[in-house]
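Take a look at the structure below.
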Amino acid sequence: MRLRDFFEGAALSGLSICAFSFSVGCHSGGTTGGGGHTTASTAAIMMTSTTDTTSVSGTTSSGGMCSKLPPSGFVNIAQGANVGYDLALTTDENGAPIVAWSEGPLMMPVTIWVKRWDACTGAWGQQLKVDGGFRQTTNSSPTPVSHNVALAYDHSNGTIGVAYQTEDPTDFHLEIRYAELPKGATGFATSPAVAAQMPNSGSYGLYSPGLALTGGTAHLFYQVSTALCGGTCPGLVYRTRTAGTWTSEMVVPNSQGGNDVFGVTSVQLDSAGIPGVAFQAMPDPDTTHYVEYWHPGMAMAAVVMKKAQTDDEPGVALTFDGTKPRIAATLLDFLNPPGLWFSSSDDGTTWTAPTGIETDGAFASMWVAIAMSSSGETAIVSTDQGADPGQPAATCGDPKISRSTMIPTFKTSCPAKSEFNTNYEYVQAAYGLDNKLQMAFRLPMTDAASGLSGGVIYWRDK
């Protein structure tokens, strides 16, 4: 039995199981048109700068220029023991960060939040509620293997989009919802659009949305995988939304026949505005994990890498160098650590042999992110599950940053001198217009030595 079968299935009880019906639940109605270790820290972990507000070119809502980006270093942007699950990060036209996350205790209703940096005032803006009052699969399991909040920014019109999974607290049916914050709006719409809906099978079901926005169109991907479908699940589904109207659902063909797509759905736009998606699939029995890539126009998703898997915490992340996709993935095999891999392609179809990335004496966990700057630097950000006896002792803490200006050669370092607690980190990365790396992640508990409280942590490079 897989860990995700046990934990995500056992967390749900008393469910009425009914026949699988894609996008339409058992109740009336249908679619309406989206471990680690304990904290060990020292006072040397971080000191947050209060003076660095680097100037870059950007556009305000009135067409002017803004230049104040966040200070370098680590800072709390939201605090609380149950804050920061399913965290997502993107940037706006100023290169300023926007962060989304869910908040709520295990097995209890959650709230989805968004917070952004204002590059005109040089300060974090008001925390905005997106939606709430439902559970999420991630929030129902002590060992989540999905990521149920996706965030994107439309640079053509200034719209923020959030896609997220919901689980009804009464009948447990699942939905993928999509909410927008148009430019100049003071709050998200009170009635988000429902992109998909289905009964909860007592297993995993409908989860892990991935999102990109461009030209007024939302490109939404989500996973459909359940014990009810007997190996005939759609797997990964793609649809778009323009002017409030959804296109029909399209199944993304994958090498394993669609019956078991799982983990993170990583979606990004290339320089031509075409969305790409990276995901993981595996057959039954789950002896091998496949990392795959697809973009519209491909008849079949390409296998990027595959590996015998001895741990059920896979991660995958996608970025682009122009129109050329780059993927980082964690395929953890305790017999062959560290488990962090990189591959690149010129066309999305043919991929280089995966290169193992040194992770400073650690086993890589499922939380991985990748980003590329306009100057050509690639950064892979990862966290660890514990010491790897096959590597030298760690020299610094989490998160790990592996940088390269000439792929596939990477050098790993860390902005923190000691380790944060790595449970539920949801590490994310992006570059600003100034080519400085930004990160956001969840810190599960207060770090007394550094002064950081548990919650959402943001970091920007010096």
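Sum up the charges of everything whose Cβ sits under 14 Å from the Cβ of Ile160, counting Lys and Arg as +1 and Asp and Glu as -1, but leave Ile160 out.
-2
Report, in listed order, any pair from Lys115/Lys324; Lys115/Lys436; Lys115/Lys400 with a Cα-Cα distance greater than 28 Å. Can you show the working numbers first?
Details: Lys115/Lys324 31 Å; Lys115/Lys436 20 Å; Lys115/Lys400 24 Å.
Among Lys115/Lys324; Lys115/Lys436; Lys115/Lys400, the Cα-Cα distance tops 28 Å for Lys115/Lys324.
Would you tally the net charge around Arg241, using a Cβ to Cβ cut-off of less than 14 Å, leaving Arg241 out, and scoring K and R as +1, D and E as -1?
My count for the surroundings of Arg241 gives -1.
Starting with the fewest neighbours, write out Ser382, Ser343, Ser191, Ser248 ranked by other beta-carbon atoms found within 10 Å of each beta-carbon.
With the sparsest Cβ surroundings first, the list reads Ser248, Ser191, Ser343, Ser382.
Between Thr121 and Met406, with labels modelled 7 Å along Cα→Cβ, what's the label distance in nm to one decimal, could you check?
About 4.7 nm, to one decimal.
Ranking request for peptides 95-106, 125-136, 77-88: highest mean number of other beta-carbon atoms within 10 Å first, then the rest in descending order. Walk me through the intermediate numbers first.
Values: 95-106: 22.9, 125-136: 17.4, 77-88: 21.1.
Most protected by this proxy first, the peptides run 95-106, 77-88, 125-136.
What residues qualify as long-range amide H neighbours of Gln268, i.e. H under 5 Å apart, gap of 5 or more or another chain, H built at 1.01 Å from N?
Gly276
Starting at the first residue of region 236-241, write each ³J(HN,Hα) from the Karplus equation 6.51 cos²θ - 1.76 cosθ + 1.60 with θ = phi - 60°, in whole Hz, x for Gly and Pro.
Couplings: 10, 10, 10, 8, 10, 9 Hz.
For Ala308 paired with Lys462, estimate the spin-label separation in nm (one decimal), with each label point 7 Å from Cα along the Cα-to-Cβ line.
4.5
Starting from the amide H of Glu358, placed 1.01 Å from N in the peptide plane, find each other amide H under 5 Å away whose residue is 5 or more places distant or on another chain.
So Glu358 has HN proximity to no qualifying residue.
Got a sec? How would His289, His155 order by Cβ neighbour count within 10 Å, fewest to most?
His155, His289
With each pseudo-label sitting 7 Å past Cα toward Cβ, what's the Lys324-Thr245 distance in nm, one decimal?
Taking the simple label geometry, Lys324 and Thr245 are separated by 3.9 nm.
Quick note: the coordinates plus some simple rules give every number you see, no bench work behind them. Here the structure is a predicted model, which is why all the values come from computation and not from measurement. All Cβ positions, glycine included, derive from the backbone under ideal geometry; neighbour counts span all protein chains shown.
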